[in-house]
1. Which FRET efficiency value, to the nearest 0.05, is calculated for Ser136 and Val24 with the Förster distance at 41 angstrom and r the Cβ-Cβ distance?
2. Go through 162-171, 98-107, 116-125 and give me the packing order, highest mean Cβ count within 10 Å leading.
3. At 1.4 Å probe radius, can you tell me the per residue accessible area of segment 76-214 in Å²?
4. Have a look at segment 100-214 and give its Rg and Dmax from the Cα atoms, expressed in angstrom.
Amino acid sequence: MVQAPVGFQCPACVAEAAARVPPVRTALGGVAKRRPRRATQVLIGANVAVYALTVISADRLIVDYGMLGIAIASGEWWRLLTAPFLHAGLWHIGLNMLALWVLGGIVEPLIGRWRFVAVYAVSALGGTVASYAFSSPVVISVGASGAVFGLLGATLVAFRRLNRDVSGVVVLLVVNVAIGFAIPSIDWRAHLGGLAAGAVLTAVMVATPRRYAT
């Protein structure tokens, strides 16, 4: 038996009553969680774990898996999904994970955990697809920056939907896009591909009826 404010209830009755209670929704329709940054933390952990593996392997994974053009043309399509988890140095992963922590803390509580994971994954894929389609086959393209730009796009869309001030997000976006064009080693194609994918998917999500959100 389960103690209630008045008397006791059977566990089955408590579970049945809980199942009938509608879930609490976030501001944009996702299901609110007790730990709203859990997915962000898991993604950061996955990226750090893979980076540790590249350090152990003397960065061979960066060279072997970063050349998307040649590898994908040979049929290794899964590199579109694995390349975003590889990073080319401590500063590279450090900046990306800092951005993921900040943007994840904004986007995940707004749209919900699984929607956030979907935006991250689709943005990462959009970045690698754009890099593969428009870069030289021998260019090494790795890192979570495509996904991070997707979260920037998601933040912009979410703030617009909630009628919040987007000037700070726009300035941050413009500066980072400009840096991508100014520094030759940065794959700006992946940035723009991730940005477009994240913004479009988030726009679709926030327009979806709340009953379909998870």
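1. Using R0 = 41 Å, I get an efficiency of 0.25.
2. Values: 162-171: 11.8, 98-107: 18.7, 116-125: 23.3.
Listed from highest to lowest mean packing, they are 116-125, 98-107, 162-171.
3. 48 Å²
4. 14.1, 46
The values are calculated or read from the model by the stated rules, or taken from the named source; none is laboratory data. As the structure is a prediction and not an experimental result, all values here were calculated from the model. Glycine gets a Cβ as well: all are built from the backbone with ideal geometry, and neighbour counts include every protein chain shown. With ligands, DNA and RNA removed, areas are computed over all heavy atoms of the protein, side chains included. Shrake-Rupley method; radii C 1.70, N 1.55, O 1.52, S 1.80 Å.
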